[in-house]
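The values are calculated or read from the model by the stated rules, or taken from the named source; none is laboratory data. Since the model is a prediction, treat every value here as computed from it, not as a measurement. Neighbour counts run over all protein chains shown; Cβ positions are idealised from the backbone, glycine included. These area figures cover heavy atoms from the full protein model, side chains too; ligands, DNA and RNA do not enter into them. Shrake-Rupley method; radii C 1.70, N 1.55, O 1.52, S 1.80 Å.
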Amino acid sequence: MEWLHGIILGLIQGVTELLPVSSSGHLILVPYFFQWQDQGLLFDMALNTATLLALIIYFRQDVFGLAQGWFRTLSGGGMADNPQGRMAWAIGLATIPAGVTGVLIKGYVEGSARDPRVVGSTLIFYGLLLWLADRRASLVRSLDTLTLREALLIGMAQTLALVPGTSRSGITITAALFLGFNREASARFAFFLAIPIGIAVGILDIKELLHEKIPLAAWLQIGVAFLAATLSALAVIHWLLGWLRRHNLTPFVVYRVLLGMVVFWLAF
């Protein structure tokens, strides 16, 4: 891989992972459009770890509070007066479906699902679903009202994001909007939900990378792309939370549909 290609892919990962437009879809489509050699799932997973790091840095106070609340529940404290502990359990419960499904369909995700026609289909379909959720959303609920049952439902929706083009943040925001949460709360929970699954995937990434015979130059390329993804993701988190306080999600829907149409035009 060219150095510039790696930096571009890192920036694309950082920008698109946390926007509801599908980072995995873009990491497949960009090499396809420009006729670069596909960088492979292992490189993509390394960049996912970079955006995980950005989330932990940005939400470090929330992460610390959630961890404290969770440990309080383990030491005999109840959840009634421990909203952070309840939220921590909700996030953990919502993570289970994607973790189990990811193991079961790993071969499909690494193979057939990386077809641009699959990406084009999911970009359009789930983009329109996001638009429907945004139009019908009551936008009245905050995360304080989230129940464990609703967290599980959002987690089940997150499993759909294993197929490239769906967008993990997009599908979880969609599910939260359908449940009546406001846009900022929906995005915030989507970001929180990315942390435990990102940690699990990151551990697997590191194990796989250490078993690969990767030359030093390639390690340096991964490192530079990792840095680009982390810094761009930090900027996007801050921007998106501010945007959603004042605007709807229509621009992202339009982008997804137009990109999906371009993908189909080129693929066929």
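Against the longest alpha carbon principal axis of the chain, how many degrees, from 0 to 90 and to the nearest 10, is the axis of helix 60-74 turned?
Orientation of helix 60-74: about 50 degrees from the principal axis.
With the other protein chains left in place, how much accessible area per residue, in square angstrom, belongs to the range 127-260 at a 1.4 angstrom probe? Numbers along the way, then the final one.
Details: 6260 Å² over 134 residues.
Normalised by residue count, the accessible surface of the range 127-260 is 47 Å².
Can you tell me the relative contact order of the chain? Whole percent, Cα pairs under 8 Å, sequence separation 6 or more.
Working: 386 pairs, mean separation 94.1, N = 268.
After rounding, I find 35 percent.
Let me spell out the model: positive unit charges on the Cβ of Lys and Arg, negative unit charges on the Cβ of Asp and Glu, origin at the Cα centre of the chain. What dipole size does that give, in debye rounded to 20?
Details: 18 positive and 15 negative charges, 131 e Å.
Here the size comes out at about 620 debye.
From the square roots a ≥ b ≥ c of the eigenvalues of the alpha-carbon gyration tensor of the range 143-268, which class results: rounded (a/c under 1.5), prolate (a/b over b/c), or oblate?
Numbers: a/c = 1.79, a/b = 1.40, b/c = 1.28.
It is prolate, given that a/c is not under 1.5 and a/b is the larger ratio.
About its Cα centre, how strong a charge dipole does the range 140-236 have in debye, to the nearest 20, once Lys and Arg get +1 and Asp and Glu get -1 at the Cβ?
Working: 7 positive and 6 negative charges, 25 e Å.
Its charge dipole is roughly 120 debye.
Give the residue from Ser23, Leu47, Pro83 lying farthest towards the positive end of the charge dipole for the range 7-104; charges sit on Cβ (+1 for Lys and Arg, -1 for Asp and Glu) and the dipole is referred to the Cα centre.
Pro83
Once every DSSP H run of n ≥ 4 in the chain is given -39500 (n - 2.57) and the sum is divided by its residues, what mean residue ellipticity at 222 nm do you get, rounded to the nearest 500 deg cm²/dmol? Before the final figure, lay out each step's value.
Working: 12 runs with 205 residues, N = 268.
So the helix-based figure for the chain works out to -25500 deg cm²/dmol.
Only Cα pairs within less than 10 Å get springs; with that Gaussian network setup on the chain, which residue of Thr122, Thr147, Thr174 has the largest fluctuation?
Greatest mean-square fluctuation among the candidates belongs to Thr147.
Report the longest stretch of the chain that contains none of the GluC sites (Glu not before Pro) sitting in a DSSP loop with at most 13 other Cβ atoms within 10 Å. Working shown, then result.
Details: sites that count: Glu2, Glu212.
After excluding every exposed loop site, the longest remaining stretch is 3-211.
From the Cα gyration tensor of the range 54-205, with a ≥ b ≥ c the square roots of its eigenvalues, which class applies: rounded if a/c is under 1.5, or else prolate if a/b is larger than b/c, or else oblate? Before the final figure, lay out each step's value.
On the way: a/c = 2.24, a/b = 1.38, b/c = 1.63.
In terms of gyration-tensor shape, oblate.
In the Gaussian network model of the chain, springs joining C-alpha atoms below 10 Å, which of Leu104, Leu27, Leu139 carries the largest mean-square fluctuation?
Looking only at Leu104, Leu27, Leu139, the biggest GNM fluctuation is shown by Leu104.
Classify the chain as rounded, prolate or oblate from the Cα gyration tensor: take a ≥ b ≥ c as the square roots of its eigenvalues, call it rounded if a/c is under 1.5, otherwise prolate when a/b beats b/c and oblate if not. Could the numbers behind the result be given before it?
Values: a/c = 1.81, a/b = 1.29, b/c = 1.40.
Verdict is oblate for the chain.
Helix 216-244 against the longest principal axis of the chain: what's the angle in degrees, Cα atoms only, rounded to the nearest 10?
Approximately 50 degrees, to the nearest ten.
Angle check, please: helix 3-16 long axis (alpha carbons) against the longest principal axis of the chain (alpha carbons), in degrees 0 to 90, nearest 10.
Rounded to the nearest ten degrees, it is 30.
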